[in-house]
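Okay, structure first, notes after.
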Amino acid sequence: MMKPTNFVLFALLSAATTFSAVVVADPEANTDAIEAVKAKAKQRGSRYGTSERSGIVGGVQSRPRDFPYFVDMDFCGGALIAPDIVLFAAHCGTRKGRQIAIGAYETNRLVEGAQERFCEEYIPDPKWGYLDYGLVFDFALCKLNEPVVLSSTVATLVLNEDPSFPSDDPNVITDLIVMGFGLQYDSFGSNTPMEIPENPYLLHNVTVPYMSNEVCRSFPYYEYSIGDSSLCAGFVSGEEDACYGDSGGPIVERTYVGGTGDSKTAYVDTHVGVVSWGIGCARENSPGVYARTSTRVGWIKATACNSLDSVADFCKDVPKPLKPKPAKPAPTAGYSYSYSCDTGQDLTIRLTTDKEAYFTSWVLETANTHETIMARKYKILEYTNEHKICLHKEACYTWEVADEFGDGFLGSYSIILNGKEVAAGTGDFYDRKRESFCTTSVPPNVTPTRSPKKTKSPKVTKSPKK
């Protein structure tokens with residue numbers, strides 16, 4: 001069966017749609033359940049942000065540092081669930097080698113305590129895939145190149161392990177918060193301009209009510225698309241929702257626990273889902289759909305601890321695999337957190353990005369076999385990046401910097417081998433530029449230590465014969 005033209009993976013922008021922006025509920029639906037939801041689905045509770053300019057769809061601009069665990073992943077969001085692990089959506093695709101921002105408040109810039117890192121490894125949930133019009137088990141993990149110590153403790157994030165939470169009881173209302181840099185209205189609805197609006201440059205959030213899977217399945221296109229791993233949230237009337245560009249971000253239940261300022265934890269945010277898909281954005285009878293965290297929290301923790309060697313506190317309670325995995329080969333690209341180089345060939349690459357950093361990337365390869373040693377794609381604007389890499393002795397390498405837009409970049413780079421600059425330049429090129437260099441058997445300015453010469457033993461004078 002073909003998917004409706006307005007099916008949305010919130011990470012992507014599809015072509016203009018002819019599908020109506022308003023969907024009429026199935027007359028065979030559980031009307032009692034729907035009416036119960038409608039009676040409860042009013043704007044209620046507090047929102048977490050300023051009252052300025054609406055964001056996401058129908059939301060508000062967040063306050064700085066209100067969501068310190070939020071991760072900006074370039075057209076997707078994510079959540080820092082451990083100092084070195086980000087949880088996001090599998091349909092966002094691999095982010096290996098790509099720069100991301102933890103604690104992001106302004107997209108593509110490091111403000112209000114945000115920190116940059118790179119995804120070193122990427123593992124999607126092996127169960128993720130399509131179910132009719134929707135997605136199921138839409139989880140993925142990113143291992144960071146270096147752990148993060150959050151600069152704000154206003155909110156602590158915990159993973160939901162309770163399959164009965166949020167409650168399906170229609171008399172229990174659970175307000176959830178979703179955040180991101182996604183679009184602020186459904187640009188492909190029939191009543192909106194046929195153009196792509198700009199994403200908000202500051203983090204926005206919206207509060208939406210939890211909706212049981214039973215009620216969610218009562219809407220057209222949702223009946224066979226909602227699996228047990230799905231979680232729905234939103235108003236029957238629409239109006240408020242996550243949208244294009246919010247995929248992978250967390251939806252949380254916020255609990256006030258006391259404390260003020262950055263020095264004390266004021267909230268505990270329970271991660272109940274990952275932004276996944278929907279029929280348009282904030283449309284009537286079309287709630288947002290999320291990957292339900294509690295259904296795969298076991299896989300999330302086991303993979304983070306046993307496959308990605310996370311430093312997470314929860315790893316002490318995660319069972320180790322019966323068959324130990326083979327040891328990883330010694331890295332050539334400075335993968336370990338405490339960088340050290342025992343080959344004597346210490347490479348440093350510095351690159352300063354311009355105002356379009358997301359077009360700039362580079363790859364370091366061995367010259368003969370073209371083995372990739374390190375690859376990086378940038379995101380943070382006007383930022384000086386430094387990368388340390390331990391190379392092999394007596395080997396030659398090529399480093400190629402590229403600009404996807406094809407007009408170079410207004411930045412600069414420098415390649416330093418053992419303290420000596422071997423290449424440098426600006427972004428004054430078209431689509432790509434290549435540098436080549438070789439290492440030596442010993443570091444420069446190091447005199448090899450020679451073994452001491454052996455001294456001959458003095459001859460033994462024989463006693464004269466008698």
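Some notes on this structure:
- Considering residues of segment 80-110 that are charged (D, E, K, R) and assigned to a loop (DSSP other than H, G, I, E, B) only, the residue farthest from residue 293 (Cα to Cα): 109
- Residue under evaluation residue 393, criteria (1) modelled with pLDDT of 65 or more; (2) surrounded by 16 or more Cβ atoms within 10 Å (Cβ to Cβ), criterion not met: (2)
- Checking the stated criteria, residue 187 turns out not to satisfy the condition of being assigned to a loop (DSSP other than H, G, I, E, B), crowded, with 21+ Cβ neighbours inside 10 Å, at pLDDT below 95 and of a type in the set (Ser, Thr, Tyr).
- In the set (1) at pLDDT 95 or above; (2) surrounded by fewer than 21 Cβ atoms within 10 Å (Cβ to Cβ); (3) in contact with a Phe, Trp or Tyr (Cβ under 8 Å, 6 or more places away or on another chain); (4) within 21 Å of residue 155 (Cα to Cα), the condition left unmet by residue 275 is number (2).
- Exclusive hit being at pLDDT below 95, out of contact with any Gly (no Cβ under 7 Å at 6 or more places or on another chain) and surrounded by fewer than 22 Cβ atoms within 10 Å (Cβ to Cβ), set 223, 253: 223
- Inter-residue pairs, beta-carbon under 8 Å, first in the same structural domain as residue 252 (by TED's automatic domain parsing) and under 29 Å from residue 67 (Cβ atoms) and in segment 206-232, second of a type in the set (Lys, Arg) and part of a strand (DSSP E or B), 6+ apart: 228/292; 229/292; 230/292; 231/292
- Segment 414-466, residues that are among the basic types (Lys, Arg) and at pLDDT 50 or above: 420, 432, 433, 434
- Residues that are closer than 16 Å to residue 309 by Cβ and not aliphatic (A, V, I, L, M), drawn from segment 128-152: 142, 143, 145, 146, 147
- Subset of segment 136-155 [of a type outside the set (Val, Ile, Thr), at pLDDT 95 or above and in a strand (DSSP E or B)]: 140, 141, 142, 143, 144
The values are calculated or read from the model by the stated rules, or taken from the named source; none is laboratory data. This one's a predicted model, so the numbers in the text were calculated from it and none came from an experiment. Positions of Cβ are backbone-derived with ideal geometry, glycine not excepted, and every protein chain shown enters the neighbour counts.
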